[in-house]
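Working notes, beginning with the structure itself.
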Amino acid sequence: AKKSVPLIVVDAGHGGKDLGAKGHGGLLEKDVNLAIALRLRDILRSRYKYSVVLSRGDDTFLSLEERGVIANKKNADIFVSVHANAAERRGAYGVETYYLGAGKSEQAQETAARENREYLARESEDKETQLILADLMGARKMKDSGALAGTVQKRLVQSMSKKYSKIKNRGAEPGSFFVLHAPKMASILVEVGFVTNSREERRLKQSAYLDSLAASIAQGIAEYIRDERPMI
């Protein structure tokens, strides 16, 4: 039976020796991810009364596997991994949300390759094929994750656009992200912006902007839970 209060694991991507992407103005992705994750936890708890567990609450290193294991051990209802993006092209900007699947677009493949680096660096190359998973995951998880990704992305774009210009909707799509592999529940990875874009890097340094991102993601999660979760 489902718990009466939804439990959400909020995963701040990277951490410790794993810096993640780095902006031209020196912003480190791992710091942005943690700042948003802490805010997201607080909003989900206070505003929505959900239970929340952080995979990391400070600047520590966690392997990609460990993050999903935490969610499974806690029997979470939702796993959300918070990241910021990077691109060779400084003009690239916008928000996107991923769920586990074979990433078809070049964008999905490039982003997944970057986010999987920590895992692939430790393993033999043939592991890469293991990331193309379809049969390893339940159809249910995939359907739920797709729905959660779509709802969070929509809410993120709509709510941020009310306050800020140039919020680009890069969509919700499948990608072969290793961190989404282990969790057995609806799982998504949110890319909140590009640290390599000067406007977004500047914004991601602003507390108010991070507050807005966290509130928007929380709204999307709450909407998904309201719509998708059969109530007891």
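The values are calculated or read from the model by the stated rules, or taken from the named source; none is laboratory data. Quantities reported herein were computed from a predicted structural model and do not represent experimental measurements. All Cβ positions, glycine included, derive from the backbone under ideal geometry; neighbour counts span all protein chains shown. Quick note on the areas: whole protein, heavy atoms, side chains included, nothing else; ligands and nucleic acids left out. Shrake-Rupley method; radii C 1.70, N 1.55, O 1.52, S 1.80 Å.
Quick notes
- Single match in 164, 224 (criterion: open to solvent by 10 Å² or more (accessible area, probe 1.4 Å), of a type in the set (Ser, Thr, Tyr), modelled with pLDDT of 95 or more and closer than 23 Å to residue 103 by Cα): 224
- Condition met for residue 59 (open to solvent by 30 Å² or more (accessible area, probe 1.4 Å), over 15 Å from the mean Cα position of the chain (by Cα) and without any contact (Cβ under 8 Å) to a residue 60 or more places away in the chain): yes
- Within the stretch 173-221, being buried (at least 23 other Cβ atoms within 10 Å of the Cβ) and of a type in the set (Gly, Ala, Ser) holds for 175, 176, 186, 187, 193, 214, 216, 218, 220.
- So residue 152, is it buried (at least 24 other Cβ atoms within 10 Å of the Cβ), in a helix (DSSP H, G or I) and at pLDDT below 95: no
- Where a residue in the stretch 190-202 is over 20 Å from residue 81 (Cβ atoms) and its partner, wherever it lies, is of a type in the set (Gly, Ala, Ser), with Cβ under 6 Å and at least six apart: 201/23; 201/25
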